[in-house]
Amino acid sequence: MLQMVETMPVKLNNSMKFMAAIEELVQKKKMTYIDAIVEYCEEYKMEPEVAGHLVGGKLKQQVQEEAEDLHLIKKTARLPI
């Protein structure tokens, strides 16, 4: 149990840094979130499956919306805004 508590902040910190780096790529290079994640993985020699574990919150929502728009996944029901 103690080991899990110690590694949790590290993963959270890495996840926050990862999401910030992806957001920066999207803003600077005017690319999609999916492309930014793929580029980040190629640049840092990271498997996309590993990156998938770091995606969360708003970034996860953005990736899902892009994937739905590209018909990569089925659209989910959304409330009208």
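None of the figures in this text is laboratory data; all of them are computed from the coordinates on show. Note that the coordinates shown come from a computational prediction; the quantities given were computed from them, not determined experimentally. Please note: Cβ atoms are built from the backbone with ideal geometry, for glycine as well, and neighbour counts cover all protein chains shown.
Please list, or write none, the aspartates and glutamates whose alpha carbon is within less than 14 Å of the alpha carbon of residue 28, excluding same-chain residues fewer than 8 places away.
39
Among 35, 69, which comes first, then next, by fewest other beta-carbon atoms within 10 Å?
Values: 35 14, 69 11.
Sorted ascending by nearby Cβ count, the order is 69, 35.
When we measure straight from the Cα of residue 74, which lysines land under 26 angstrom away, once same-chain ones fewer than 8 places off are left out?
Residue 74 reaches 30, 58, 60.
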